[in-house]
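Read the structure below first, then the notes.
Readers should treat all values here as calculations from the given coordinates under stated rules, not as data from a laboratory. Here the structure is a predicted model, which is why all the values come from computation and not from measurement. Glycine gets a Cβ as well: all are built from the backbone with ideal geometry, and neighbour counts include every protein chain shown.
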């Protein structure tokens, strides 16, 4: 489940579709279908980011020495582990 509410995802989808139309990037013939597809893609994207976040946080918590949340070391480890997990996902 994404941390973003359904209404927030819907709002983002509307902004994307509106932006595509105004920028003459795409001709949206069936706006309701385009919105539904955009919402689905956004939900999947944010859900995958949430899964990666959970994996990375568990990895940091599993270290033999506790790393304080919000510390510089925690931020560095988070970015490092996130990049590693993103590379694994692309395989």
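Taking the options 58, 79, name whichever one is out of contact with any strand residue (DSSP E or B) (no Cβ under 7 Å at 6 or more places or on another chain), free of Cβ contacts under 8 Å to residues at least 24 places away in the same chain, in a helix (DSSP H, G or I) and loosely packed, with under 11 Cβ neighbours inside 10 Å. Give the steps one after another, and end with the answer.
Numbers: 79 fails: loosely packed, with under 11 Cβ neighbours inside 10 Å.
Only one candidate passes the filter, namely 58.
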Enumeration of residues in the range 64-76 that are surrounded by 11 or more Cβ atoms within 10 Å (Cβ to Cβ) and in a loop (DSSP other than H, G, I, E, B): 67, 69
